[in-house]
Amino acid sequence: MLFHVSTDAQNPQRVASVIAQLWDGVATPFPAVIEGSWIAMAGDARNSAIEFYPAGTVLVQGEGEEGGHGEIRRQSGGSPMHFAMATQKSIPEVRAIAESHGWPVKVCSRGGAFHVIELWLEGVNMIEVLTPEMQAEYLEAFTVKNWQGFLAQHALANAA
């Protein structure tokens, strides 16, 4: 099961608004990765979402235990595409699989709201793997209501 995916767009606000309209959901700013990003949230039982970053954004690995972040680049190597996926495996099992391929892997907190295992496929493209415990954290934390509350606390625009 996928929870969310990301990609870039020439006009992230417009694209997120269209997707939200198709879902009967909401579109809001999403500065968590890079300024200018927007997110379409379905408001469904899985809290499905699509993040849209400014065109040219790629995800890059953070230093040490820091999570990945977005940067604008016009060259190859990296992508804004990522997704969060569920697994029944434990953190050590996921870590062992990644390490057996020589791929970077670490547990990261997403704003103190939930945790993910950041796994960098081929050392370049990030996916977020969520253990059963992480899935419960995610589903409780990443709701339309909670996200709108976060935006309000940080004086960011409300839903479009």
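In nm, to one decimal, how far is the modelled label at A55 from the one at K89, with both set 7 Å along Cα→Cβ?
It is 3.7 nm.
Amide H neighbours of H69 under 5 Å, at least 5 residues apart or on other chains, H built in the peptide plane: list them.
Counting only residues 5 or more places away or on other chains, the set is V60, G62.
Could you work out how much longer the chain between E140 and A45 gets when fully extended? Use 0.36 nm per residue separation minus the Cα distance between them, nm to one decimal.
33.1 nm
For K89, K106, K145, what ranking results if the residue with the fewest other Cβ atoms within 10 Å of its Cβ goes first?
Least crowded to most crowded, the residues run K145, K89, K106.
Name the residues of the range 105-141 whose amide N is less than 14 Å from a point 7 angstrom out from the Cα of E99 along the C-beta direction?
It comes to 105-107, nothing else.
Give the Cα extents of the range 2-149 along the principal axes, in whole Å, largest first.
42, 37, 22
Restricting to DSSP H runs of at least four residues, report the calculated mean residue ellipticity at 222 nm for the chain, -39500 (n - 2.57) per run over all residues, nearest 500 deg cm²/dmol.
For the chain, the value works out to -8000 deg cm²/dmol.
Using the number of other C-beta atoms within 10 angstrom as an exposure proxy, rank E63, E71, E35 with the fewest first.
The fewest-first ordering by Cβ neighbours comes to E63, E35, E71.
Find which of I127, A113, H4 sits farthest along the positive direction of the dipole of the range 2-149, computed with +1 on the beta-carbon of Lys and Arg, -1 on that of Asp and Glu, about the Cα centre.
H4
Could you pull out the GluC sites (Glu not before Pro) across the range 81-131 that fall in loop regions by DSSP (anything but H, G, I, E, B) with no more than 10 other Cβ atoms inside 10 Å?
Answer in residue order: E122.
Can you tell me how much longer the chain between D24 and V124 gets when fully stretched, taken as 0.36 nm per residue apart minus their C-alpha distance, in nm with one decimal?
32.6 nm
Which of D24, D8 comes first, and how do the rest follow, when ranked by fewest Cβ neighbours within 10 Å?
D24, D8
In terms of modelled amide H atoms, which long-range or inter-chain residues lie less than 5 Å from the amide H of T57?
When sequence neighbours closer than 5 places are left aside, the close amide H contacts are R73.
Using a 10 angstrom cutoff on alpha carbons, build the Gaussian network for the chain and name the most mobile of A16, A86, A42.
Judging by the Gaussian network model, the answer is A86.
Coordinate-derived values only; no laboratory data. Fair warning: this is a prediction, and the values are worked out from it, not measured in the lab. Please note: Cβ atoms are built from the backbone with ideal geometry, for glycine as well, and neighbour counts cover all protein chains shown.
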